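Student: Encoded as structure tokens, here's the structure I'll be asking about.
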Amino acid sequence: MSSQTAPPNPPVDPYQHLQIALNADGTITRLREVPNTPPTPDLGHPTPVLSKDIPLNQSNNTWVRIFLPREALDHNSSPKLPLIVYFHGGGFILSSAASSIFHDFCANMATDLHVIVVSVEYRLAPEHRLPAAYDDAMEALHWIKTTPDGWLRDYADLSNTFIMGVSAGGNIAYHAGLRASVETDKLEPLIIKGLILHQPFFGGSQRTQPELRDNDPILPLSVFDLMWELSLPIADRDHEYCNPKVGDGPQLLEKIKLLGWKVLVVGCDGDIVFEHQIELVKLMREKGVSVVSQFGEGGHHGIDLFEPAKTKALHVVLKNFILSSLVA
């Protein structure tokens, strides 16, 4: 028996796995009812984190959800809190800033890390293929720098801003960082200190070993492929939105180096995207970017969102990274 190879994993129908249906006009119908959580803006509510939604671009139906730790209200004279601009996951095609899993993640981050979080509701593919989400990300950054919102004005330290995302949101955070690096003067007083890429979603035309193993329960290979097929412009997977080694990305990383931004890449070797994340870290180091990587053993794509112990461990990593970036 020991000489026999393991049987291949049975094929996964990606449409069934994601519970989506492709329509004749190229859009998709999302069949799964994803639990959403409403914001809690009422100052009288006993929640440790207040939250509220503010329109970003009404014609695009984009908005932001702001998470404010109640402790900021109770300690009015304290220094303002660092700001995290956050992008949710979902393979560019699913989920929302209101999805309960991402709402809860951002709320817990706000309390555990003592930060303010602005979670961005960006447009989804295939109705709005990339770079629509990147455009929305930049619109959010420009909105933040001029926002009249009292929570951000009174409690957020815009000079200590981090761009963060998980999975597809990590890809968006990366590309938003590349774009922001060439217009830092236009973003002031918002000053970016670093990027936090949490299991970022990248790919390429060449299959990697984790892809060939195809044993990620959350992100099977067929699902991985379909997400890129639905989100990229009509192009192969060696497009710069997917593969960070091509296009203008490597050159813009040199700009990030000169700006002194720090980058954190977090993942695990059980993630189907693991090898792409490793290659991204190598590329950044080749370009002289100050990058910190934290890769655990085992696990799967998105594990830090589903297991509370993993979330707590991630928060320790995030807190250390943010503190080190603020004193640098």
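The values are calculated or read from the model by the stated rules, or taken from the named source; none is laboratory data. Everything numeric here is computed off the predicted structure, so don't read it as measured data. In this analysis, Cβ positions are derived from the backbone assuming ideal geometry, glycine residues included, and neighbour counts consider all displayed protein chains. For accessibility, only protein heavy atoms count, side chains too; no ligands or nucleic acids. Shrake-Rupley method; radii C 1.70, N 1.55, O 1.52, S 1.80 Å.
Student: Out of Leu318, Leu221, Leu232, I need the residue that is aliphatic (A, V, I, L, M), under 30 Å from His114 (Cβ atoms) and at pLDDT 95 or above. Which one?
Tutor: The match here is Leu318.
Student: Kindly indicate whether any position in the stretch 15-25 is out of contact with any strand residue (DSSP E or B) (no Cβ under 9 Å at 6 or more places or on another chain) and over 23 Å from Leu232 (Cα atoms).
Tutor: no
Student: Can you name the residue in the stretch 278-328 that is more than 17 Å from Ala110 (Cα to Cα) and of a type in the set (Val, Ile, Thr) and, of all such residues, is farthest from the chain's Cα centre (by Cα)?
Tutor: Here the answer is Val327.
Student: On to the next question. Looking at the stretch 8-53, which of its residues are part of a loop (DSSP other than H, G, I, E, B) and acidic (Asp, Glu)?
Tutor: Within the stretch 8-53, Asp13, Asp25, Glu33, Asp42 qualify.
Student: Return the residue satisfying two criteria in turn: it lies in the stretch 211-226 and is charged (D, E, K, R), open to solvent by less than 80 Å² (accessible area, probe 1.4 Å) and part of a helix (DSSP H, G or I), and of such residues it is farthest from Asp269 (Cα to Cα).
Tutor: Here the residue is Asp225.
Student: Continuing with this model, one more query. Go through the stretch 155-210 and count every residue that is outside any helix (DSSP H, G or I), of a type in the set (Phe, Trp, Tyr) and more than 30 Å from Asp74 (Cα to Cα).
Tutor: Number satisfying all stated conditions: 2.
Student: Taking the residues in the stretch 21-47 that are over 23 Å from the mean Cα position of the chain (by Cα) and charged (D, E, K, R) as candidates, determine which candidate is surrounded by the most Cβ atoms within 10 Å (Cβ to Cβ).
Tutor: Step by step, filter the stretch 21-47, then rank; the result is Asp42.
Student: Among the residues of the stretch 89-139, write down those that are open to solvent by 10 Å² or more (accessible area, probe 1.4 Å), polar (S, T, N, Q) and either part of a strand (DSSP E or B) or under 15 Å from Pro38 (Cα atoms) (or both).
Tutor: Scanning the stretch 89-139 gives Ser95, Ser96, Ser100.
Student: Pro11 versus (1) touching a helix residue (DSSP H, G or I) at 6+ places or on another chain (Cβ under 9 Å); (2) modelled with pLDDT of 90 or more; (3) open to solvent by 30 Å² or more (accessible area, probe 1.4 Å); (4) not aromatic (Phe, Trp, Tyr): which is the lone unmet condition?
Tutor: (2)
Student: Name every residue in the stretch 147-200 that is open to solvent by 10 Å² or more (accessible area, probe 1.4 Å), under 25 Å from Lys80 (Cα atoms) and among the small types (Gly, Ala, Ser), in order of residue number.
Tutor: Within the stretch 147-200, Gly150, Ser159 qualify.
Student: Acidic (Asp, Glu), surrounded by 17 or more Cβ atoms within 10 Å (Cβ to Cβ) and within 30 Å of Gly270 (Cβ to Cβ): does that describe Glu229?
Tutor: Answer is no for this residue.
Student: Find the helices (runs of 4 or more DSSP H) located wholly in the stretch 232-316 whose residues include 3 or more that are open to solvent by less than 40 Å² (accessible area, probe 1.4 Å) and closer than 20 Å to Glu211 by Cβ, and list them.
Tutor: Answer list for the stretch 232-316: 274-286.
Student: Would you check which residues across the stretch 54-88 are in contact with a strand residue (DSSP E or B) (Cβ under 7 Å, 6 or more places away or on another chain), open to solvent by 30 Å² or more (accessible area, probe 1.4 Å), outside any loop (DSSP other than H, G, I, E, B) and in contact (Cβ under 8 Å) with a residue 40 or more places away in the chain and list them?
Tutor: Selection gives Ile54, Trp63.
Student: If you don't mind, there's one more thing I want to ask. When both residues are 6+ apart or on different chains and their Cβ atoms are under 7 Å apart, which pairs have a first residue that lies in the stretch 270-296 and is more than 19 Å from Gly249 (Cα to Cα), and a second that is among the small types (Gly, Ala, Ser)?
Tutor: Matching pairs, first to second residue: Gly270/Gly298; Gly270/Gly299; Asp271/Gly299; Phe274/Gly267; Phe295/Gly267.
Student: With respect to His142, determine if the residue is of a type outside the set (A, V, I, L, M, F, W, C), at pLDDT 95 or above and farther than 18 Å from Leu190 by Cβ.
Tutor: no
Student: Right, another one. Considering only the stretch 317-328, how many residues are touching a Leu at 6+ places or on another chain (Cβ under 9 Å) and either closer than 21 Å to Ala97 by Cα or not in a helix (DSSP H, G or I) (or both)?
Tutor: 1
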